[in-house]
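Enquirer: The structure is given below, and queries will be raised subsequently.
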Amino acid sequence: QENADPQKTAFLLRKQWTLYSVTPLYRFSSANLKEYARLLGAFIAAEKQKGLAVEVGVDLDIKVTFSSLPDLRGSDQDQAAMLVQLSSRSSVPQKNSEEKLMWSGWFCCVSGDDLSENVPEDFTCLPLFLANGAESYVAIVGSWFQKTFDCRFCRLAISPLNLTWMAAMWTGCKVEKNASATELVFSVPCLPQPLDISYAIHPEDAKALWDTVQKTPGEITQEEVDLFMDCLYSHFHRHFKIHLSATKLVKVSTAIASAHCDGIIKFLQSKYLIGVLMLLTELAISQIQ
Amino acid sequence: MQRRQSSKNSKQPLQVPHSSQTDLSAWRKGGRTDPEKSLQNHQSRNSQVNESKQDSLEQAVSYFEKVQNRVSLKKSEVLQKHLATVESIALQKGLPPEVFDVLLNVALDGKLADAVNTRLLKSLIPASVIPETSVVSSVSWLCVSKCSGSIQLLFIRWLIAMFDFIDHKEQLHALYGFFFSFLQDEKMCPYVCHLLYLLTRKESVKPFRIRRLLDLQAKMGMQPHLQALLSLYKLFCPELVSITLPGKMKTYFKNSEGPWKAAINTIRQRNRENSPVSQLLFLGTAQHQSRKRKWNTQLIIPASSANVNILAEGKEKNHVDLYSTSESFPVEQLQTFSQLLQNIHHLEFPSQMGSVLTNPLLLHYMNCIKDESIYLRLYYWMGQTLQEECTWCVVDSYQYEEEFKDFLETVYKAECFLQEGFSSCEEFLYKSLPLWDGFCCRSQVLRLMTWIPLRGFSEMKSHLYDPLAQLFFTSSLYFKCSVLESLKELLQNWLNWLVIQLDSESDSQGYSLNTTLSGLVNMVAELVHFVGWISTIALRLESNATFLLYFILDFYETVCDIYLRYNLPMLIMPPPGVFYPALLSMDSVSLNQLCYIMYRYRTNLVAAKKNELIKKKILPFKFSSQTYQEYNQYLIAMVGCLWTSSAFQKDIHPQGIRLDDEVLKKTGVQEFKTGFNIVYHPAMMGYALLFLQQAWPDDNTFNFSLIKGRKWNWYLEYLYAQGLKGLKLFIESSINRVSQASQRKEGNVQV
C-alpha cells in the first residue's frame, strides 16, 4: 500500500471532514469533470436564486472545480478520488482576482473491492464522501449528485465499537517524539445535563500498553482491542472509581487522526491518510450493503 | 381561390345536425345569453325569414366567405343573422371541421370590425377536431398584421384553449420560431409562453432561444410564465440551462380557456373516449423542506424526470449512442399507455430510479426491460431510504411514522404491480424485524412480508420465522390474525412464482433452476409446517378463539388445493392441534369451513391417485402413503363425530379423541355417543332447535331424538338451505349412503 504524495494531499490535513456514504454513481465518467463543473455551477446558482434561470457555462458568483486525486486509492481497482471545490469570485471584475475557497468535498474509495467487484460497468464506486464547509452546500452538491448519478448520500456515523478499533490501531502507529496526547472522550448517559469525561494518555504509554496486548504485528483481533480498552478502563477505575465501560465512547483523537461518533474526522498525518481512509471506506461500504 | 373553396363546400355538404330545430326551440325558451337574444330579436323583426336551419350554417359560412368590405354590424341585418347562426350552432353542437378555414380567415383578415371578429373567435368551438391546415393559414394573417392586437391576443388564447383539438401538430411545430418572435410583445408574452410550452420539443430548445428568454427574464424579472418555459427547456437540455422553481408556485400560466371553458368541457364530455388528456404541467417544483430535518433525511420519492446525465454519451462520439438525446422520449411527457407503446423503443428511464415507484407506466416499462442496472439503482436507493427512515430503527424518527407508512405502502403497491418483491425490501425486513415492536406501521410491514421471495428454510427460519414467531406469541389476537393473513398471501405468492418458474423451465430445456423441484416444494412445505406450528400454539393461547380459527382455516383453504390449483405435488394436512379444535368448535362457521377443506383434500387426493393410475410412467412425485393415512384418520374421526355417532370409539388418530367407554361413563353424560353428531354438535344444535320448531311447531319438549329416518334427510336439506355448503360438499362426497332408506350407515369413507 503506497502512501499518497504528502504535497498533493497536505490540504486534506487538519480540517474537519463530515463523513457520508454514497451508493455507486450511475453513468459517471471521470472524463467529463469539466462538464460536471459547469452543470453543477449553474445548478448552484439556480438553487441560490430560486425561480431565476441560469445559463450553463457563464461566469457565476461561485466557481466550481472538479479535480481528480489519483494518489488517493488503495489499488488500481479503486476509482481515483475526486475533489469538488466551491470558491467565491470577488465581485470586482478583475482577472486573476483572489478566489476564496468556500467549501470542499471529496469522494474516495480505498480498497473498496467488496463493493466494486459486485457492480456492473455502468456504476462507479466512490462510497466515501467527506465534506468541509457549510452544510447548505453539502445539500446542494449532494442533491445534484443524487439527481445526476442516481446515487444516495447518507450520513456515516461511527459506532463506539469502531471508535475503539481506531483507538487501538492508531495507538499502535509509530509517530515522532513529542506527539500530542491520545485522548478518549466518553459521554455519560442518562444525565439531565450532558457530561463528558476526557481521558488523555501519553502516546508512548498507550503504545507500550498496546504492544503488550498485540500478539502478531500487522494483525489485530477484536479480543486484542477489547483487552486494550479494558486495561484503560481498569486503570481509570483504580484512580477515579468510574466504570468507563458503562459510558459511551464518543471521540478518539491521536496523533494520527481524530474521529467523532457523529461521523466527523480530522486527518493529522499524511503518512497514515490512506490507512485511515481504508477503514472509513470499509465502514461506508457496510452501510451501503 | 373562391372557386376551389366553393367546390370543396359543395363536395362536402356541411353536416348540420337535424336536431338543430328542436334545440333551437329549446334555447328560445331559455333565451339568456347574448347570441341567443340577438337571434331572437332578429327573428322577431324578420319573421319572413324562415329558412331551414340545416342550411343556415352553410349559408352563414358562404356569406362570410364572400364578404368583401367592412360591413357594419349594426347596419347589416344579414351579418347579424349569420353571426348569430354561427354562434348558436357553435354553442350547441360545435362547428364541423370544414368551416374553420373560412371563419378563421374572416376573423383575422381585418375586414370586419373587431366586435365581429371577437364574437367569431369566441364561437370557434369544434364539434370534433380542428384541422391543422386552417390553423396554419390563420397564423399567416398574424404576419401581415391586418388584425388588431387584441384580436391577435384572443387568437393565441384560442389556440391554447383548443390545442388538444387540433388534429395534427407537425406544421404547427414548424412555426415555433414564428411564435417565439411574439415574446417581445409584452401583452402577448404570457400567452405566447404558454403556447410555446405546449409546442416545445427537444429540438426546439436552442442556445439562442435560451439567451433570448434569459434576456427577457433580466428585463421583466421573475415571471411565472417564463419560469415554466425555462424549466421545460431545462428539462430537455439540462446542459444548457438550469433553474430551480420556488416551492409555493401552483399556476404558471394565465387561464386562456376563459371564453371557451364551458364549451370545451362539453366537447370533452361528448368525446370523452378519444379526446387526449389535457396537457398537464409536468414541472417539478422544489420540494418544501421541513425546516427541522437535516438535509437528505426526509422521505421524498423523486419526481420522474429525464436523465440529466446525457452529456456523457454526447461527448464520446465514437461510442454507439444508444441514448441518443434527440431520439429519447422524456419521461415527463409519458402520460398514457399508448404513448408508452409508441415510444417504448426510445424511452429512457428517469434520472432517479426511485421515481418509478409512483409511476405505473414506468413500472410497466420496467417489467419489459430486463436490465440489471435498473434493479441495482433501485436497490441502492430503496435500501438506503428504508434504512435511514425506518421509524423503529432510527432514533427520534417516530414523528415521521406517517411519512414512512406512506412510503412502505408505495413500495408494497409497486411490488403488487410487478408481482415480485424488491431485494432491498427483503433485506430491510430481515434486518428490522428483530427490532420491530409489531405495532409501528403494522399493516404495511405485514404486507411487505408477503412479497419475500422463496428462500431456503435455514435462511427463512433465522430471518423471518424466528423473529415473527416471537412477536406472534406475545401479541394480541388481532395481530395473530393479521400475521396469518399475510402468511397466506406469502404462500400464494410463492406458489404463483413456482408455477411460473416451472412453466418457463419446461418451455426452455436449457434453463434449469438451481434447486430441484422437490427442493423448492420443500421450502414451501416448511412455511406450511411453520404456520401449522404457530397455529396450534396460538389456538391454545387464545382458547380456540373463533376469529383466530377462521384465519387458520382460511390458510388451509389454500393449502388443501395446491395439487389441483397450482399443479404442484404438495399436500399437507393440518396438524391435530388445528383439526380437532375446528371439529369440536362451538361455531358452525368453523365446522363448515373444516368440512369444505376436508372435501377439497379428498378431491385433490383422488385426482392425484387417478393421475398415478392413468399415467403409467413413473411420476417424479407421489404423495406418500402417510398423507393418505393421515387424511383417512381425520376422515374417520369426522364421520364418527358428525354422522355415525361413534367419535369416541372410531377415532384412531394418536392425538385424537378416542376414549374408553369406562371413562365416558364416569363423566355421567347420558348420550355421549351422539354428542357430536350433526344434531347434538354444539355448533349445530342451534340449527337443530330451529328445525324442530319448524317441523313440530306445537311441540315444546325439544326432543332432538325425533330427528331420524326421513326427518334426518329433511334436517340435512334444512342445513344445506341455511348455507352450510361446506357440510353439504363433505357429506355428499365423503359419506356413501348405502340407500336412502337405510341412512345412518357408514359407507365407504376412505380414499
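Enquirer: With the requirement that a residue be crowded, with 16+ Cβ neighbours inside 10 Å, touching an Asp or Glu at 6+ places or on another chain (Cβ under 7 Å) and not in a helix (DSSP H, G or I), what does segment A:1-23 give you?
Expert: Result: A:4, single match.
Enquirer: Let me ask something else. Would you point out the residue of segment A:139-165, among those that are crowded, with 21+ Cβ neighbours inside 10 Å and under 14 Å from the mean Cα position of the chain (by Cα), that is farthest from the other protein chains (Cβ to nearest Cβ)?
Expert: A:163
Residues checked against (1) at pLDDT below 60; (2) under 28 Å from the mean Cα position of the chain (by Cα):
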residue	(1), (2)
B:209	no, no
B:221	no, no
B:233	no, no
B:248	no, no
B:253	no, no
B:297	yes, no
B:303	no, yes
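Enquirer: Which ones in segment B:347-398 are facing chain A (nearest Cβ under 8 Å), of a type in the set (Ser, Thr, Tyr) and in contact (Cβ under 8 Å) with a residue 40 or more places away in the chain?
Expert: Matches in segment B:347-398: B:351, B:380, B:385.
Enquirer: How many residues does segment A:40-84 contain that are closer than 28 Å to residue A:113 by Cα, buried (at least 20 other Cβ atoms within 10 Å of the Cβ) and of a type outside the set (Gly, Ala, Ser)?
Expert: Selection size over segment A:40-84: 6.
Enquirer: Residues A:100, A:48, A:8, A:63: which one is closer than 30 Å to residue B:224 by Cα and more than 14 Å from every other protein chain (Cβ to nearest Cβ)?
Expert: Only one candidate qualifies: A:63.
Enquirer: Among A:213, A:188, A:252, which is within 30 Å of residue A:152 (Cβ to Cβ), of a type in the set (A, V, I, L, M, F, W, C) and more than 14 Å from chain B (Cβ to nearest Cβ)?
Expert: The unique qualifying residue is A:252.
Enquirer: Another one. Quick test for you: out of B:422, B:404, pick the one residue that is crowded, with 18+ Cβ neighbours inside 10 Å and in contact (Cβ under 8 Å) with a residue 60 or more places away in the chain.
Expert: Selected residue: B:404, the only one of B:422, B:404 that is crowded, with 18+ Cβ neighbours inside 10 Å and in contact (Cβ under 8 Å) with a residue 60 or more places away in the chain.
Enquirer: What about residue A:191, is it farther than 30 Å from residue B:234 by Cβ and surrounded by fewer than 19 Cβ atoms within 10 Å (Cβ to Cβ)?
Expert: yes
Enquirer: Within the group B:435, B:454, which residue is at pLDDT below 95 and crowded, with 17+ Cβ neighbours inside 10 Å?
Expert: B:454 is the lone residue from the list that is at pLDDT below 95 and crowded, with 17+ Cβ neighbours inside 10 Å.
Enquirer: What's the number of the condition residue B:403 fails, among (1) more than 14 Å from residue B:429 (Cα to Cα); (2) of a type outside the set (Lys, Arg); (3) more than 14 Å from chain A (Cβ to nearest Cβ); (4) under 18 Å from the mean Cα position of the chain (by Cα)?
Expert: (4)
Enquirer: Return only the number of the condition from (1) touching a helix residue (DSSP H, G or I) at 6+ places or on another chain (Cβ under 7 Å); (2) at the interface with chain A (Cβ under 10 Å from one of its Cβ atoms); (3) at pLDDT below 85 that residue B:257 does not satisfy.
Expert: Single failed check for residue B:257: (2).
Enquirer: May I ask you to list pairs of residues, at least six apart or on different chains, whose Cβ atoms are under 6 Å apart, with the first in segment A:107-118 being of a type in the set (S, T, N, Q) and the second being buried (at least 24 other Cβ atoms within 10 Å of the Cβ) and outside any helix (DSSP H, G or I)?
Expert: Hits for this filter: A:116/A:125.
Enquirer: Restricting to segment B:642-687, and then to whatever is in contact with a Leu (Cβ under 9 Å, 6 or more places away or on another chain), modelled with pLDDT of 90 or more and outside any loop (DSSP other than H, G, I, E, B), can you tell me which residue is surrounded by the most Cβ atoms within 10 Å (Cβ to Cβ)?
Expert: B:642
Enquirer: Keeping to segment B:198-212, report how many residues are within 14 Å of another protein chain (Cβ to nearest Cβ) and either buried (at least 22 other Cβ atoms within 10 Å of the Cβ) or touching a residue at least 60 places away in the same chain (Cβ under 8 Å) (or both).
Expert: Qualifying residue count, segment B:198-212: 0.
Enquirer: Within segment B:136-153, work out how many residues are of a type in the set (A, V, I, L, M, F, W, C) and farther than 22 Å from residue B:63 by Cβ.
Expert: Of the residues in segment B:136-153, 6 are of a type in the set (A, V, I, L, M, F, W, C) and farther than 22 Å from residue B:63 by Cβ.
Enquirer: Within segment B:329-338, restricting attention to residues that are over 18 Å from the mean Cα position of the chain (by Cα) and surrounded by fewer than 20 Cβ atoms within 10 Å (Cβ to Cβ), which residue is nearest to the other protein chains (Cβ to nearest Cβ)?
Expert: Restricting to residues being over 18 Å from the mean Cα position of the chain (by Cα) and surrounded by fewer than 20 Cβ atoms within 10 Å (Cβ to Cβ), the top hit is B:332.
Enquirer: Do you know which of the residues in segment A:24-39 that are facing another protein chain (nearest Cβ under 9 Å) and buried (at least 22 other Cβ atoms within 10 Å of the Cβ) is nearest to the chain's Cα centre (by Cα)?
Expert: Ranking the candidates gives A:24 first.
Enquirer: Please name all residue pairs, on different chains or six or more residues apart, with Cβ atoms under 6 Å, provided the first residue is in segment B:220-234 and is more than 9 Å from chain A (Cβ to nearest Cβ) and of a type in the set (Asp, Glu) and the second residue is in a loop (DSSP other than H, G, I, E, B) and surrounded by fewer than 18 Cβ atoms within 10 Å (Cβ to Cβ).
Expert: The qualifying pairs do not exist here.
Enquirer: Can you name the helices (runs of 4 or more DSSP H) wholly within segment B:357-430 that have at least 1 residues being over 18 Å from residue A:151 (Cβ atoms)?
Expert: Correct list: B:360-368, B:401-418.
The values are calculated or read from the model by the stated rules, or taken from the named source; none is laboratory data. As the structure is a computational prediction, the values presented were derived from the model and not from experiment. When we count neighbours, we look across all protein chains shown, and the Cβ atoms used for this are built from the backbone with ideal geometry, even at glycine.
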